[in-house]
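Worksheet: the structure to be examined is printed underneath.
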Amino acid sequence: MIIGRIVVSEKAPLARVVHVGPSVAQVGGMETVLQTYDQRDWTGLSTSVVASSARVGLIDQARIFVAALRACRALPSTVAIHCHLSQKGSFIREGMIAVREARRRKVFATIHGSSFVGTAQSRFWSKVYAFVLRRLSAIGVLNNASLQEAQRLAPEVPVVVLPNPGPVRSWDRGTSVVGNDAARPRVVFAGRLGFRKGIDVLVAAWPSVVKAIPDAELVLLGPVDADLPESLARTVNAHHAGAVPSSEVGRFLNGAACAVLPSRAEGQPMFLIEAMGRGVPMVVTNVGGMPGLADGTGLVVEVDDPDALAHAIVSILRSPTAMNEMRATALARYGREFSDETHERNLIAFYSLG
């Protein structure tokens, strides 16, 4: 039988998990994670996705949420649920599903929110987060800061670092784009073009990059945030290739010289994991899980420092030897840490905690 997007098989697989979170039809980091769970054919796991939210009008949001509640309630109690949480409202929305379903089945969660740690210092949100997290079977986080905070909020629940799944399949790793002009080094940014992702810092840094390397090309991918200042709009538009779906990001990364993400807050960006899977060196800021991703595969700079950002980008573009070493390290690390096989082992181990 079919419940929404969930196919219930007559033959029970080794393990069956339904992932709950934002609609996979949207552009975003969590959405890319859920797309991966929706599309992968694991060896020992059966995974599917139920959309519990979307960036639509309030009435449609309510309909999507009610449909998710009903879909989860209709599942056999032997099916586990894995909720994908960010911060604040997500803990009320997806948290409500988690708390409700935890009474009759195993419920797990991954915390993706870039502001989870900061908002957990608020008395109100700390109570909301603790109320949800203490009812889970196990909690996955993306970095050590979130690990410590989740352990504080839910001391009796197992909490582990659970890296996001890699979006690049083994057969597609390290391939190049037909028609790519290798003589013009391409620097790629993907994410929401706004303050949190540091697009203003990148725009400020770019003239220094072009001064040092006149043929460098900047490609900006993603939706424009409402907080983008009018003063930056024209410059951003000159490099903006559109709010392309996550499936299209690889087309720009293949053959690119560098991936850049000067964020002010992050969890573990799927854009950088994809860059790693395609052998693209990265330049990132010292926040969230990004320094760990850049270990051996790129350079790390401080937040809000356009001079340091420009210097790091130029350093990579000017050094073919270092670039090739980073490419090789990136591909090797992706295979060890983010491949389908590795992530399935991580998931099975995670689910065994509950």
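Observations on the model:
- Leu293 meets the conditions (1) exposed (fewer than 15 other Cβ atoms within 10 Å of the Cβ); (2) touching a Leu at 6+ places or on another chain (Cβ under 6 Å) in every case but one. The failed one is (1).
- Selection from segment 81-106 of residues that are open to solvent by less than 10 Å² (accessible area, probe 1.4 Å) and not in a helix (DSSP H, G or I): Ile81, His82, Cys83, His84, Leu85
- Look at segment 107-125: where a residue is open to solvent by less than 10 Å² (accessible area, probe 1.4 Å) and a partner is among the β-branched types (Val, Ile, Thr), sitting 6+ places away or on another chain with Cβ atoms under 7 Å, you get Val107/Ile81; Ala109/Ile139; Ile111/Ile139; Ile111/Val141.
- Any chance Pro76 is touching an Asp or Glu at 6+ places or on another chain (Cβ under 7 Å) and part of a loop (DSSP other than H, G, I, E, B): no
- Scanning segment 66-80 for residues that are under 20 Å from Thr47 (Cα atoms) and either of a type in the set (Asp, Glu) or open to solvent by 20 Å² or more (accessible area, probe 1.4 Å) (or both) yields Ala67, Leu69, Arg70, Arg73, Ala74, Pro76, Ser77, Thr78.
- Number of residues in segment 213-269 that are over 23 Å from Leu331 (Cβ atoms), open to solvent by 10 Å² or more (accessible area, probe 1.4 Å), in contact (Cβ under 8 Å) with a residue 40 or more places away in the chain and among the small types (Gly, Ala, Ser): the value is 2.
- Among the residues of segment 297-354, those identified as buried (at least 21 other Cβ atoms within 10 Å of the Cβ), of a type in the set (Gly, Ala, Ser) and out of contact with any Phe, Trp or Tyr (no Cβ under 9 Å at 6 or more places or on another chain) are Gly298, Ala312, Ala330.
- Note on segment 242-275: residues that are part of a helix (DSSP H, G or I) and closer than 20 Å to His311 by Cβ total 2.
The values are calculated or read from the model by the stated rules, or taken from the named source; none is laboratory data. Bear in mind that the values here come from a model prediction, so they are computed numbers and not experimental data. Please note: Cβ atoms are built from the backbone with ideal geometry, for glycine as well, and neighbour counts cover all protein chains shown. Note: accessible area is taken over every heavy atom of the protein model, side chains too, but ligands, DNA and RNA are not part of it. Shrake-Rupley method; radii C 1.70, N 1.55, O 1.52, S 1.80 Å.
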